Each structure stands twice: as C-alpha cells, then as structure tokens.
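Engineer: I'd like to ask some things about the structure below.
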Amino acid sequence: MAFLPPVGVIPVDRKSPSVALYTDIPALLDWLRIYYPAHTVIGTFVTARDQKISYRVDAEPAYGTPGTLVNYTLTQVDWNRAEVGVALADITQTKTAATAAIAKLAGFTFKVFSPAQVINGVSAVLAIADSSGNTAAYWDINGTMYAPGGVIGPLTALTASITTATIATLTATAATLGGSQFTVLGSGYVGTNRAGLVVAGADGSVPFYIDLTGTVYAPGGLNVSNLVVTGNLSLAALTAAAATLGGSQFSLASGTRYVNGTLAQNVIQDAAGNVISYFGPDGMFYAPGGISAPNAVPGLGLAADGRVLINGMKMISSRNMVMWGDSLTAGSGASNTITKSVLGQTLTLLNDGRTATNQGLGGNQAQHIAARAAALPTYVTVVGGSIPATVTAVEVTPSIRLLDGSGIRTRAVTIAGVAGILSHDNTTVQAQAAPYYFTRTTAGNAVAVSGSSLATLDNSATADDLHVIWAGTNDLGYSDTAGIVARVQGAIRALVDNIRTPSKRFAVLTIIPGSRLPNDPNAFNALYYTQMLQINAWIAATYPSNFVDVTTPLITYGGNTDGSVPASLRIDIIHMNDTGYGVVAAELNKFILWKGY
C-alpha cells in the first residue's frame, strides 16, 4: 500500500536506513492510526532498519494517546519457515473469503446517472443493477438508500413474532447502543450476505439484520434471540403499550393508507402523527424517517388520501388513471366503450383495483384536448358583454373550440367568477361554425365581461393521476405540415407539463395510420402518413422513457406488411374493434408494469 501523508508530513517509513531507527517505530504507528482513523495497527509488522529486526505489534495505546515503546507492545519476529507459512495461510484465507464475496456479487454493476434518473418516483444518482437491468439498490441526491426488492428480493418469506419479551430485548438493545438512532435501510448487503431487513446505527454500524432465509444476525453480539422469524413479517403486536425504542412511543394506525404514494399497511406513527414505518404491498418494510427519528420536516404533511405533501404539493402521482384523447380514446367502434376501450381493457389486464377516467372526445384535435385538460388556456368573449343574472344561455366565442367534434358537448367552467356550463351543438351541418353558449349554474347578479376572460376548467379530481395521452389523429393530412406538426407537438408538451406532481407519471401513445398507406395514392392520406411519422419520431425522442409505441404492433398484426392497420382490427378508416383496442391496451399494460406505475 502506498501511504499518502498529510501535506508537510514526511512519513517515517520513507526515511533512509541510517535514520529509520527502532526508536522511530512509535511515531510511524501513531501516524498510521491518525491518517487512517479508527483503524488498529495490531498485527502490523514493522522493521527497525538500524537493528535489521522485524517486530509484530501486539498491543497499542488508546486512541488520542501518543505512542511510546512502552505502550506499544512489540514482539520480535524471526522470519523462519513456520512464520512465513502462518502468514501465507492467513493470506490464502483472506483471498478465499474475497473470492466468495466477488462470486456473490457476480453480475452486479454500479451505474452513475447524470442527470439523475427517476426510479420508482425517486431521482436516483447511483444504482446497483444486475446484467438484466434489475435494480438491487439505488441512492438519491441526499445519499438515501432505496432497495425496493428487485434482485435482492422483497420480504415475502420473512415474519417476526413480536412478543413483550422481544420488545424488552429490543429496548435493551437500544440501551446497549447508548440510544443510537436506527435507520431501516430495506434490502441490502451486509458484508457479502444478502439481508432482507438491515438496521444501521447513526454511525453506520449494523447492530443486527435478517437475511432472506429469516436468520437473525447480530455482528456485535447483541441479544436478539427472542426475535422468531416464521412467516410474513408483521408488526401487528407492536403497540403503544409495549413498544418504546430510544424514548419514542409508537402506535399502530388502523386500516390501509398511502404513504409516499405507496399503498401502506401496518402504518406505525408517533403521537404527533409522523409516519415511522410501514409495509408496502410488495412486503417491503419502509421507515422513511428512521426508527427513532420521524419525519419532523418543515413543510412536510399528508394529504387527505394519505399521500405526502411538500409545501402543499403532492409528491407522487396516484395509481388511478386518466386518459386524454379523441374518439380512439373514447373507444368508438368497440362493443362496449367502458369495458372494451383501451382504458377498459387495460384495467382488466392490470386487475389491481385502480380506477380510470376516460377523457376521450370524438373529433377533438390535439389543442382541443390540451384545452379540456386546462393545459392550454381558453379565453372567451361574451357576446353582449354581460353574463345575465338569470339561468339563461348567453353566446360566447372561445379562443380554442375545445368542444368541437360530434354530438352535443358540455363542460363545467367558470367565467369571470361565475360557475356554469359551456355547451356546443355539433349536430348541425355547419358544426365548426356553430356558436358556443354559457349558462350559469345558479341565478345571481349580472356580471359585465369586457374583452376576453379566462374560462377556468376544474380537473382537480384527476390532476394527480397517471396521465395517458393519445392526441393528434384529427390534426393530420392537411397541407401546412410544419404548422400542424408544431401544433401537435406543442399540445402534447403542454399536456405533459401540466401534470402537477414533480415525479410525473405519464404515457404518450404514438399516432396510428388506420387504413392509410406509406405511399397512399390519396394525397390527403399520404400527407397524413408523412406527418404521423414525424410526430411519432418526435414523441420517441422527447419522451424516451414515457412513450408507448402502439403503431408498430398494430401495423404488423397478423404478419401484415403494408404499413396500415389491418382491416381485421378496424371498423372503418381509423376506428378499431375490440381486438384492435386490445392490442393497444396490451402495450399500455406492459408499459405500466415496466415502469411500476
């Protein structure tokens, strides 16, 4: 080993033989212990060059005490064949242990992310993953370690039978450690052992851990013999009356709730309501604030649904879904638009109890969809300049015709502080030129509206959901290619940017060609195809981790090679049947499972 001394210090072992004396040995050993704090030099071999004699260090003074030839015990070593054999045996043993450790870690690599990459809603800067890309553990920018299970495996085979005697043992353990604060790291490695539950002290030491077979290890010799592991890990018996660790009282919250966006059970919290620990649906044990250091962070709170709030903003999206789009999203052509649409079939495949809101509206272009989601602002001009006091329709002119399409459309909005319904009748021959109307919900005072006024749409019920975006079909085929492509891109970008949670959960589906061909003889269809390819390439490049290619599996279905969606999946030029929507649902389902959404 090459020692690198502090600036200005000349290490003793670099002195010439004429001055590296026997009396210099304590200074050398002191320097080693100072430069490598908390390390022992017991067992170190040193040679006095003036004597040409080697010594083994068998004792050392307490840390902070300068060494002398008296308080360092030096035993002369005669380097005969026996001594060399013992030393070689020790080296061989160490090499064997190191080889075993390397074997246990075979296939794992460290990955450094710059910029940070989001893993399960966490901005990770460092991860350990196997050759298949499964993440064993990762660290955020604050140095917090996460080990969701993955390669190491969740705690599905562990259980703890918590008794009053066990509680007393753990309390004694805390006392033995001088009240050290514990941090539950989740799955991880202790030495070369895979551990299912790791408890580390504030100084990084590991008082005890449980491996994946349920065996309890206490490296420091602590007595945790009463902790019996037999089945699913449960802390149901850990009650306020029985549990006192490091002076913190715990109570077991009843029922199920969300913590950090995760469905949590067996939530343990202190008297102030701070969440100490919980079990996720994967069987993993989580302690976000440490066992005796709960999340007493300014600005941190819980929303009504149990998800974490930072300064009033929810940090993690919910698992429920909202899908924004046109008639394809609505499921036009399906035998049942609720159960056989893309959303309906995706819910069936997921089968995990989540809910979904279908915001598909036939005939909508991309900017209309973005306006309905309040991602693009819609301003209205009130004809006559006043909203009447009575519940009477008044004609308005919107800056974005967000309800254009087919049928009679309505949407709740607020204009100039007045809540009401915006409506548009698309059943007339000249639907695109037909007027929009606003009808206030309740009578009140007449409100003068001069110029344009923002129409406010309330999407708060789904604002924090997983957003699925499928827009652009009704925009394509017209001659202004550059303008059309830019408009669709801007609407999709606005829909993504409008998602409020910092850890955005969303999917952008690619546009499909329907019956159109790459070199379609119809000029409109050929231009549609060209514009579709441009936008799909942009979606993949702009959202590489969040785009879902539904075009390829559709146009290649059943061995089809002409570049169109085969007729077996369609009911007309663009709309699909149950099977066609099922192909899209299968791709969306795979994406959601892959992302852990």
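Engineer: If the requirement is being closer than 29 Å to Gly477 by Cβ and out of contact with any helix residue (DSSP H, G or I) (no Cβ under 6 Å at 6 or more places or on another chain), which of these qualifies: Asp425, Asp326?
Structural biologist: Within the list Asp425, Asp326, the selection yields Asp425.
Engineer: If you check Gln367, Gln359, which single one turns out to be within 28 Å of the chain's Cα centre (by Cα) and surrounded by 15 or more Cβ atoms within 10 Å (Cβ to Cβ)?
Structural biologist: Within the list Gln367, Gln359, the selection yields Gln359.
Engineer: Those residues that are open to solvent by 70 Å² or more (accessible area, probe 1.4 Å) and outside any loop (DSSP other than H, G, I, E, B), I need them from the stretch 519-559; list them, please.
Structural biologist: Answer for the stretch 519-559, where residues must be open to solvent by 70 Å² or more (accessible area, probe 1.4 Å) and outside any loop (DSSP other than H, G, I, E, B): Ala523, Phe524, Leu533, Gln534, Ala541, Tyr557, Gly558.
Engineer: Consider Ile34 carefully, then state whether it is part of a helix (DSSP H, G or I), open to solvent by 90 Å² or more (accessible area, probe 1.4 Å) and at pLDDT below 80.
Structural biologist: yes
Engineer: Okay, moving on. Does any residue of the stretch 458-473 turn out to be open to solvent by less than 30 Å² (accessible area, probe 1.4 Å) and more than 28 Å from Arg500 (Cα to Cα)?
Structural biologist: Among the residues of the stretch 458-473, not one is open to solvent by less than 30 Å² (accessible area, probe 1.4 Å) and more than 28 Å from Arg500 (Cα to Cα), which makes the answer no.
Engineer: List the number of the failed condition for Ser479; all other conditions in (1) assigned to a loop (DSSP other than H, G, I, E, B); (2) open to solvent by less than 30 Å² (accessible area, probe 1.4 Å) hold.
Structural biologist: (2)
Engineer: Could you look through the stretch 478-505, keep only residues that are of a type in the set (A, V, I, L, M, F, W, C) and out of contact with any helix residue (DSSP H, G or I) (no Cβ under 6 Å at 6 or more places or on another chain), and pick out the one that is nearest to Asn546 (Cα to Cα)?
Structural biologist: Val496
Engineer: When His368 is evaluated against the numbered criteria (1) over 16 Å from Ala455 (Cα atoms); (2) touching a residue at least 24 places away in the same chain (Cβ under 8 Å); (3) out of contact with any helix residue (DSSP H, G or I) (no Cβ under 8 Å at 6 or more places or on another chain), which criterion, by number, is the only one it fails?
Structural biologist: In the conditions (1) over 16 Å from Ala455 (Cα atoms); (2) touching a residue at least 24 places away in the same chain (Cβ under 8 Å); (3) out of contact with any helix residue (DSSP H, G or I) (no Cβ under 8 Å at 6 or more places or on another chain), His368 misses (1) alone.
Engineer: Taking the options Leu527, Leu517, Leu554, name whichever one is within 25 Å of Thr348 (Cα to Cα) and in contact (Cβ under 8 Å) with a residue 40 or more places away in the chain.
Structural biologist: Checking each option against the conditions leaves just Leu554.
Engineer: A further question on this structure: Step by step: first the residues of the stretch 329-347, then only those that are in contact (Cβ under 8 Å) with a residue 24 or more places away in the chain and open to solvent by 70 Å² or more (accessible area, probe 1.4 Å), then the one that is nearest to the chain's Cα centre (by Cα). Which residue is that?
Structural biologist: Here the answer is Lys340.
Engineer: On to the next question. Restricting attention to the stretch 382-400, and to residues there that are polar (S, T, N, Q) and open to solvent by 60 Å² or more (accessible area, probe 1.4 Å), which single residue is nearest to Val449 (Cα to Cα)?
Structural biologist: So, considering only residues that are polar (S, T, N, Q) and open to solvent by 60 Å² or more (accessible area, probe 1.4 Å), the one nearest to Val449 (Cα to Cα) is Thr397.
Engineer: Which condition breaks for Arg440 when tested against (1) out of contact with any Lys or Arg (no Cβ under 7 Å at 6 or more places or on another chain); (2) charged (D, E, K, R); (3) open to solvent by less than 70 Å² (accessible area, probe 1.4 Å); (4) within 30 Å of Asn519 (Cα to Cα)?
Structural biologist: (4)
Engineer: Please give the number of the condition Ser460 fails out of (1) polar (S, T, N, Q); (2) part of a loop (DSSP other than H, G, I, E, B); (3) in contact with a Leu (Cβ under 7 Å, 6 or more places away or on another chain).
Structural biologist: (3)
Engineer: What number goes with the only condition from (1) at negative phi; (2) touching an Asp or Glu at 6+ places or on another chain (Cβ under 8 Å); (3) not basic (Lys, Arg) that Gly333 does not pass?
Structural biologist: Only one criterion is unmet by Gly333, namely (1).
Engineer: Please work out which one of (1) within 24 Å of Leu495 (Cα to Cα); (2) not in a helix (DSSP H, G or I) is the condition Asp562 fails and give its number.
Structural biologist: In the conditions (1) within 24 Å of Leu495 (Cα to Cα); (2) not in a helix (DSSP H, G or I), Asp562 misses (1) alone.
The values are calculated or read from the model by the stated rules, or taken from the named source; none is laboratory data. Values in this document were obtained by computation on a predicted structure and should not be read as measured data. For neighbour counting, all protein chains shown are included, and Cβ atoms are generated from backbone atoms with ideal geometry for every residue, glycine included. Areas reflect the complete protein model, heavy atoms only, side chains present, ligands, DNA and RNA absent. Shrake-Rupley method; radii C 1.70, N 1.55, O 1.52, S 1.80 Å.
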